[in-house]
Structure formats: C-alpha cells, structure tokens
Amino acid sequence: MTLDDVLKGLFPSGHQVKISDAGWITGAATRKTGGPISVIGVAKGVALGTAGVLPLAAQVLDVVARGGDTPILVLVDTQGQLMARRDEMRGLNEYLGHLAKCLLLASHLGHRTIGLEYGKAAAGAFLATALATDILIGLPGAEPAVMDLPSISRVTKLPEAELLKLAKTTPVFAPGLDHMVLMGAVAKVWDPAQPLDGQLEDALAAASPVDVRDVLGAERKGRPMSAQVARRVIAEATGRSCDLASP
Amino acid sequence: MGGTFAEVSGAKLVGLVRAARDHKDLPQTVLLLLDSGGVRLQEANAGELAVAEFMRAIAQARSAGVAVIALVGGKSGAFGGAGLTVGVCSRVVVSEQGRIGVSGPEVIETNKGVEEYDSRDKALVWSVCGGKNRRLIGMADAFTEDSMVGFREAAKAQISLSAPFNLATLQAEQQRLKQRQEKFAACDDANAMWRILGIQSPEAVADMDAAAFILLANGIKDSNHDAR
C-alpha cells in the first residue's frame, strides 16, 4: 500500500498529516471514535539522520507537554539510519536514542504508541521508531530487516548461498515480515481488505507499555529463550524461585 | 566478533535491568560496561529485538528512579544497537579508545565509498567517533584514561549526577541536540566543531594527555549538562 492509501484507509474523513520533501511525516488526525491522534513517521524509504530526528521528537514532546492521553501513530518506511560521516561526527546515536526515549516517555505517561510499518525498516532507524512503540503492526508487503543478506554474509564471512538456505528454516536472522512476526516484534499483520480505521482501534485497545514481545516470541516459537532467560535472571537477582516452564 | 546482542545474551541484560526496575531492595544503579559492535548478525532479528527490549527496560527503570551509567572503553566501543543504548542511559563515561556511533567507518565506507569516510585514516576515525570528540560535543559526561581505575573513579562521580527521566529532561535534550545540529551544520571535520566550542588549538587535542583533556572539556559549556 502507498502512504496515501494507508492514510485514506486510517482516516477516511480526512487528516492533517504532512509529508515533507525530505520524507518526514508530522501532523494529526481524528480517529473513528472522534478522538485525536498524533501522527509522525518516515516516508519514501528515506534514511534517518540527525536532521530528521528533530521534528519527529519535537512533535512527540509537544503531545506529552499538552497532557492528556492522545495516542501517537508512527508510520515507518525507512531504509535505515543515514550513513554519513558528518552525521556520525555530530552523534547520530544520541539523536536516534533521543527519539526512542521521547516515544518511551510518552508511553510511560499514558500515551499509547503504535508503530505501523508499511514499507522498509532497518537497523538503527527501526530501533528509534517502530521498535520503540507499545505495539508494532505490519502491512503486507512491509520489509523489515536488520541487515540485508549480502551484508550479513560480508560481516559474518558465511557464504550467501548458505544464508539463503538457512533463511528458509529459521526466523532468527533473515529479513522479512513473517520472521518479525514469529520473533514477537510485529504483534499483528493487518488485512488491507478490511477497513484500517477499525483495525487501528483494535490495535489501540491492545497497546500497553508492558513489553510482551519476548513472551509473544516464545508463544510463536520464533524466539524460544528470551522470556525464559530474562525471568531466570530476575529470579536469581532477587533470590526468589522462578517457574521456568510457564510463559 | 564484536556483535554481542543476541537472543540469550540480550535477554540476560534485559532481565537484569527489569529486576532493578521492579525491586527496590536491589541496587538502584546499573553500570553498563559496553564493548560491542551491536547486534550479533548470525541471529540478527533476535539481537535487534533484544536491543529494543533493553532500551525500553532502561527507560522504564530510569522512570522508576534507577540510574543506568554507560561505561564505554575497550576495543569495539559501542556501535549499532550498543550505540543507541548509550543514547538512552542516564550518564555516559568514555575513554579515548571508547568509540561511539551507529554505523562504523568500515560500514559507511563499504556503502558510500572511501570519499565519504576513509576507514583506514585512523586520525579521521578517532576524530569522528573517538572518546575525545564524544566528550567535547556533550555525548559523554566524563572522560577517563582507558583503565579499570579510571573508569571506577569516573563512574563513582557520575552516579549522583543522573537526571530524572521526565519531560523537562527530554525537552532540554531536544534543545541541546537542536543547537548542536545548527551550530555544527557547516562543519566538515571535528576541528571545525571544536573551534566553534571555543578551543583555540583543536589540532592539539589528539595528543593531549587525559588530565589536560579532562580539564579542557570540563571548562566547555556545551560539554557539560544534565539533559540526557
């Protein structure tokens, strides 16, 4: 789906969402229920650098400063963090961390945050946007990736042919929406044939600041160990017993 | 290999920070010693998720009053997911060897060409992501010699300085990062940034010993803040 289709589907009666030439999404809209929702994001698959973070984080902080419980929708189509010497020199990691923190603070203070991946999402930009929300939704055709297979092959020195073969049997490393669903990263894939505004309400109802992605990953058998290991560490740190069999 | 965030290793870190978040009888300071290239690519998806869960756990722990101090030294520094993790901590201590960033120089060179970033030009690499630049632009709150004693002393001094994780802190950080973006917009190299910060001989910074450098950095306004 194009961004235009997505916005029309989410807000059939219209919206005030702007997409800048650089690809930054900012603005607001009205939900099916009549309540407001704040909308930010990255469009056109552009890379997220220091300049792009600022308007998005500013809007999140404005929503928090106004109080209330207005939810925040984060639309994501980005090839990843901007790979540029100048942005690295200025501290891109701090800018991306800042955007994640703004979303996490909003969530902590009662604003539900929803990520909607409709295009690409990769690496550091994925962590600062979609993966910093309470609940992440995918649309069919979305292409989440930590790194593409040829690059993984270069870094790990494992032959690409072998990686391609492995990618068919394990969700643990290979790009793809299905894999991210099995890992517990993407809570749900929406059905584009059904009205998106109703599906948005369902997602808002399911969103919570409690991080359940590891539990979801275990239930879906894509990431069997995470939840269990985290619980065992808590049990050992507190000296309390821990039932490792339960999810 | 450098990539350390994986399903199991990541879950251990997540569990530790969640424990501090939920149990007030446990120590309420977490020292995070980072020497990591980020996600372990052999399990890239699980590693990326572990970083996302770690970042959320750190933010929630900070909201509950836990101080999370990043100590970055060593060989790999903190890149990728480890670099973003530094960006959510309460305070950051770095040594000259503790490089911090998102994409490493080799990755940028591979993707964008040697004209963009020459990863074999060591002086260039250190000036971009090395500990001295990180301290001067205000990404790190303290600089230390690359030794256990150095990090121990610096960490002790930082624990009580952690800012609360709230709207005022993040608004101040937004202001700080916006100013940095504007101030250094035209800078092509670190020397140009350091000159704007008021350092008269930026070319002398690389050879400064730790004591002299700490004195220099502590006197620069932009390098010292609690907006994190």
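Observations
- Computed from the C-beta positions of A:ARG154 and A:GLU201 and an R0 of 56 Å, the FRET efficiency is 0.80 to the nearest 0.05.
- Signed unit charges on C-beta, dipole axis of the protein assembly as shown, positive-most listed residue B:GLN181, A:PRO175, B:GLN28: B:GLN28
- In the distance distribution for chain B, Cα-Cα pairs more than 29 Å apart total 25 percent.
- Neighbours of B:ALA19 by Cβ distance under 12 Å: Lys/Arg scored +1, Asp/Glu scored -1, total +4.
- Ranking A:HIS98, A:VAL186, A:LEU116 by how far each Cα lies toward the positive end of the dipole of chain A (charges on Cβ) leaves A:HIS98 at the top.
- Modelled spin labels at B:LEU167 and B:ASP189, positioned 7 Å past Cα toward Cβ, are 4.5 nm from each other.
- Normalised per residue, the accessible area of chain B is 39 Å², obtained with a 1.4 Å probe and no contribution from ligands, DNA or RNA.
- Relative contact order (percent, whole number), segment B:159-228, Cα cutoff 8 Å, 6+ residue spacing: 49
- Spacing of the two label points (7 Å from each Cα toward its C-beta) at B:ASN111 and A:ARG66, in nm: 3.4
- In the distance distribution for segment A:1-83, Cα-Cα pairs more than 21 Å apart total 29 percent.
- DSSP beta bridges in chain B [antiparallel fraction, %, rounded to 5]: 0
- Too-long pairs where the Cα-Cα distance tops 20 Å, listed order kept, from A:LYS188/A:LYS221; B:LYS75/B:LYS122; B:LYS122/B:LYS156; A:LYS44/A:LYS120: B:LYS122/B:LYS156
- Local electrostatic count at B:GLU203 - Lys and Arg +1, Asp and Glu -1, tallied over other residues with Cβ under 12 Å: -1
- Evaluated with a Cβ-only charge set (Lys, Arg +1; Asp, Glu -1), segment A:161-247 carries a dipole of roughly 440 debye about its Cα centre, given to the nearest 20.
- Computed magnitude of the charge dipole of chain A (debye, nearest 20; Cβ of K, R +1, Cβ of D, E -1): 380
- Semi-axis lengths (Å, descending) of the ellipsoid that matches the C-alpha gyration tensor of the protein assembly as shown: 33, 25, 23
- Kirkwood-Stokes translational diffusion coefficient of segment A:154-247, alpha-carbon pairs, 4 °C, 1.567 mPa s, µm²/s: 82
- Rh by Kirkwood over Cα pairs, then Stokes-Einstein D for segment A:1-152 at 1.567 mPa s and 4 °C, µm²/s: 84
- Estimated at 0.36 nm per residue, the fully extended path between B:LYS156 and B:ASP121 surpasses their Cα-Cα distance by 9.1 nm.
- The calculated FRET efficiency for the pair B:LEU26 and B:ASP146, based on their C-beta separation and a Förster distance of 25 Å, comes to about 0.25.
The values are calculated or read from the model by the stated rules, or taken from the named source; none is laboratory data. The structure presented is a predicted model; accordingly, all values stated were derived computationally and were not measured. In this analysis, Cβ positions are derived from the backbone assuming ideal geometry, glycine residues included, and neighbour counts consider all displayed protein chains. These area figures cover heavy atoms from the full protein model, side chains too; ligands, DNA and RNA do not enter into them. Shrake-Rupley method; radii C 1.70, N 1.55, O 1.52, S 1.80 Å.
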